[in-house]
Structure formats: structure tokens, C-alpha cells
Amino acid sequence: MECTLRGIGVSPGIAIGHAVLFGNDRYEVPKYKVANAARELKRFARALDKTRDYLKDLHRKAEEKLGSGHADIFKAHLLILDDATLLEQVQQRIENEQLNVEHILDELSQYYTNLLSAIDDTLFQARTADLLDVMDRLQRNLLDAERAHPHDIQDPGIVLAHDLSPSDTVMMDRTKVLGLALDSGSPTSHTAILARALEIPAVMGLRHMASNLTNETLVIIDGHEGLFISNPSSETLASYVEKQTKLEETRTALRSIMLRGGSVTRDGVAIPTMANVELPFELVPELRDSAEGVGLFRTEYLFLNRNTLPSEEEQYLAYLHAAETMHPHPVTLRTMDIGGDKFVSHLQISKEENPQLGWRAVRFCLERRDIFKPQLRAMLRASTVGNIQIMFPMISGVEELRQVKEVVEEVKEELRAEGIAFNPDMKIGSMIEVPSAVTLTDILSRETDFFSIGTNDLIQYSLAVDRVNEKIAHLYEPAHPAVLRMIKWTCNAAWASGIPCGLCGEMAGDPLYTEVLIGLGVTSLSMSAVSLPLVRAEIAEIDFAEAQELAARLLKMATAAEIKALIRERYEKRRSAEAFISLASHRAPDAPTPLEL
Ligand code: PEP
Ligand code: MG
């Protein structure tokens, strides 16, 4: 019977396909005596070979998609498979106890699981988790029990899971994963951000969606409305097939409009629209034509899904590639924002009660200069291309900004002493995503070349709503009057000091907020590439002076409900059929007027 669940639409689009249950497939491990130990040893050897081939294939695929650094995790898994102590332990037990190999592996797994829960050492836990992962693959090969995994999916389908880590999401093949439905999660979790980067329609926060579904169930994901529909009736299915086709047609139309003009308001004010980049494969030459730069390169993704730190050289090549691909447009490299919901398993960061308020971003970097300085060296070296600027995440006060800038100066000195070239005028910006920084923007704006407002964190911290907790996702409110006031406050300070004030949180990619953000004084918007067409289409319909009037009205309102009602009304009027037709014939003025600062 058809069943519709409402969750949170975190990545737009419609997906229709059969369910692929991920991560909740259990299997029974039998225990029995073997009559012939030699034959059991051969069975073990065959399972090892099969697992080895599988891991080699996975390593190759990961290398093609994400580069060698990220693929190293599977190299480490291959080493575990050849671990002499482990092999010896299993072999001896088969010979001495005459027990079946999967049972022995199961006991060993149990032993390591107990160890894992007892020891509070992240490095040890990560290694043990790798070991358990390899054991699981071995056992599944022995038992012919397939494990659903995003990169194992053979036929295109919709992945249903309780939870999915950003690292698992990175590994998803978008030709196989048509859609994503999760019990947990929220729009600004990094899993959601990655789903958007991969252009996979996704709905999260569904609580207990998969309880009675199987791998054969037909499901629909509506990433706009946040709906998850299982066993759709033939009418529902037909209407969604039609919606999907229309959506694709609209996207194609918008793409061509987008390429015709820049991001310019109806009255000729240029509001550059840029892309947020997480993964190397997003940096394709077409991005230079569709985005007016990279407004946020989340460099921490170079550090995830691997067992070693990326070398300075590897980072340098990644930043150089970004700069060359996007030239002459600007590329904003954000120094690593590790912590929060992004964990680097091989770094010894112990579990924290409140990771979002913990050892994160510049707080981590200022202590771990051994990791921070090579990143800055790599960024500075790549700056010779001329279009790189860097910015710091989670700046909470002036001292912190001064401290990170001092480290940049130290690195510049070192490079000079070594005769290594860099751009001495490279711009340095500060993210504004902590409320204390908002209150200090008049001072910060005098000590930095630009601001970039990170609304994902700014909303979380100012409204005290954990951005990855689905239980309170309904309280996470971009249209909260306090949020609008903080954006205004930040823009005012930037304008007064004559520096640009971009915005790179998820709000930038939601066309509902385009007019108000421009009206509040945001000078550029950076978003997932998938959102660029709609936001650009919105900008083309907006009048700058009207947007300023709207912002002034909204700033006087007391509640998010009132604010939303007004912006939605205006948005829907613009998106009416006639407006869309006028948009299709829209031509951008030849010489857009940049915003006066
Ligand atoms: C933000 O906080 O708005 C932001 C852009 O950074 P991140 O989502 O990576 O924390
Ligand atoms: Mg942030």
C-alpha cells in the first residue's frame, strides 16, 4: 500500500527507483566442526583471494573518482588482509579446534568490538574499525552474504539508510545512487551538502522509514517537498514521472539562460554567483562557464577517507588545479574545518560531548601547526596563478584572526627564505559564522580583505540549534529575524570598511532567500553548483532597489512566520508562468554595474 512520509528535502530533484537497503543487512554466522581442516584452510584461502580482488577493484575505483590520497584507505585494508598475525591466528584455530572459519572470524570480530568500545583512542578505534570492515567482507564472502554499500550497487536504485557518514556519501556513484533517504540528518549536515554536490535528490530526517521495506520496494524521493513515498499507486507514479520530466526540461532551459547572461539584477547590479566545492571531480572546466568563481573550497575533504595526511605537494597540486581550472575567476580556499561533523579518523581527536562547540577549524589549526602550516604553504605556492584567496573558518574574535594571520606571515617568511614564489598580495578573508564575530565585524572588517557569511553555522550557533540533529531540525530557521539582523549587521560593517561580503552557507543556494540576501547587502553568493541555475534566474528577476526596500521591511518584523510569508509571496509571484516566460527571453545588460562599496 502507498505510504508517504514527510522528512526534510535536502537536495533537490525527483528520484524514482527500487529501494537499496543500506547498512542494516545482518547475517547469521553458523558454528560447526569441520571434518577436514585442510579443506577448511583452502576455503579460507579462497575467501581471502576473493576479498583481495574486491578490495583492489574498490581501490582502483576510488582512485579514479577521488584521487590516490582518498583511495589509500583500501590499500590499508589490503594490508590487513595480509597481516601475518591475523592469518596465523585463524589458521592455528582451524587446525587445533577443527572449527569453521567464519565462526572463528566472528569470535575475533567480537573480541575487537569489545576492545573498541573499551578504549577511548580515536586512532586505535579507526584502525579497529578498518579491521572489522575487512573481517566483515571476508565473512560475507564465506557466507555469500552480500553487503549493501553505496559503491557496490549494481543496478540504479534509491539508497535507504538509518545514517550515512560523509565518507560513505563521497563514495557514492551518482549513476547508481538515484536518490537518498535517511532516517537521520538535516539540510546542513555534510552528508546533505555532499548529496547536493553529487546532484543526488535526497530526503533526510525520516526517523523510521525502512522498518517494513525490502530491496524490491518501489520508492519515490521528492527532494523539493521532502517526501518519501513507498509503493506508490499507479496515479502517484505517473504524476511523479511527469514532474521528473518537466523538472529536467526546466533545468535544461535554465542552464541555457544561465549561460546567456551573468548574475545581474534586472536593474543591472552584478551579484557574482559562485560554486561551493567539496570533491575534486567537481572542478571540471565547465564550472568556469557556469560559476563566476569558487566561493568556498572545503579543503578538509582532502583529509577525509584516508589513513595518512595529504602531503604539502598533494595539496599544492589540488589547489593549483582549482586555480588553473577556474582562472580568471577567483577561487576561495577555506583552511581546513576539521571537527564538528567531519572527523579525520587517523588524527587523534578524541570524542567530544559537543563537537560543534569543540576542537574545530582554526581552533584545531592553531594547535596543530604541523598540519596547518603545510596547508598554508600549499595554498601560498598555488597563489602564483593569481586568483586564489584564502579564508578562515570559525573566527570568533579579533585575537584569533590576528593569530592565524601571523601564521600566514610566518609561512610567507619561510617561503621567501627558501626562494619559493607566492602571490604577496593574496587576499585573506574571514568567515563570519560565530555570533561573537558578528558583533565584532566593525573591527574585523578593518583587518581582513573580505567577509564570507557561513549561515549554516551562524544559524546553528545563534539559535542554539545543532545543525545535524533531526529532532530539532524544525527549529533551524534561516528566516529567523535574529539571523537576518546578523547578516545585515555584517554587511553594514563590510560596506563601511569597503570590503566585499559574500555568503556561502546553504541559504545562498535557496532561491527563496535570494532577494532578501541581496537587499541586506550581500555582494556575492556561493552555493552547490546544482543550485546555480535557479538562483541566477532569480537574480535576473530582482530589482536591487526593491530588494533593499524588502529587506528594510523584513528587518522590522518580529517572527520568522511573517518574514517567510512575505518572501514566499514575492518569490511565487516571480515564479508564476508569465514570469518564467519573460525570463526565457531575458537578456542580461552588456555591461553590468558592480555593486558600489
Ligand atoms: C557555513 O557554516 O555556512 C559554511 C559554509 O561552512 P560549513 O557548512 O562547511 O560549516
Ligand atoms: Mg561553517
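The values are calculated or read from the model by the stated rules, or taken from the named source; none is laboratory data. A quick note: this is a predicted structure, and the numbers were derived from the prediction, not measured. Positions of Cβ are backbone-derived with ideal geometry, glycine not excepted, and every protein chain shown enters the neighbour counts. With ligands, DNA and RNA removed, areas are computed over all heavy atoms of the protein, side chains included. Shrake-Rupley method; radii C 1.70, N 1.55, O 1.52, S 1.80 Å.
Before moving on, here are some points about what is shown:
- Selected residue (criterion: surrounded by the most Cβ atoms within 10 Å (Cβ to Cβ)) from residues of the range 447-465 that are of a type in the set (Gly, Ala, Ser) and either more than 15 Å from ligand 2 (Cβ to nearest atom) or assigned to a loop (DSSP other than H, G, I, E, B) (or both): Gly454
- Unique match (being buried (at least 19 other Cβ atoms within 10 Å of the Cβ) and more than 21 Å from Thr439 (Cβ to Cβ)) among Pro500, Pro533: Pro533
- The helices (runs of 4 or more DSSP H) falling completely within the range 466-542 that include 1 or more residues that are within 24 Å of the chain's Cα centre (by Cα), closer than 21 Å to Ala560 by Cβ and within 16 Å of ligand 2 (Cβ to nearest atom) map to 481-497.
- Checking Leu304, Leu279 one by one, the residue that is at pLDDT below 85, closer than 30 Å to Asp130 by Cα, within 16 Å of ligand 1 (Cβ to nearest atom) and in contact with a strand residue (DSSP E or B) (Cβ under 7 Å, 6 or more places away or on another chain) is Leu304 and no other.
- Any chance Phe372 is among the aromatic types (Phe, Trp, Tyr) and either outside any helix (DSSP H, G or I) or touching a strand residue (DSSP E or B) at 6+ places or on another chain (Cβ under 9 Å) (or both): no
Condition check ((1) at pLDDT 85 or above; (2) of a type outside the set (Ser, Thr, Tyr); (3) part of a strand (DSSP E or B)) across all residues:
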| position | (1), (2), (3) |
| --- | --- |
| Ser184 | no, no, no |
| Pro187 | no, yes, no |
| Ile193 | no, yes, no |
| Ile200 | yes, yes, no |
| His208 | no, yes, no |
| Leu213 | no, yes, no |
| Glu216 | no, yes, no |
| Val219 | yes, yes, yes |
| Phe228 | yes, yes, yes |
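- Count - residues of the range 374-421 that are within 16 Å of ligand 1 (Cβ to nearest atom), open to solvent by 10 Å² or more (accessible area, probe 1.4 Å) and within 22 Å of Val294 (Cα to Cα): 1
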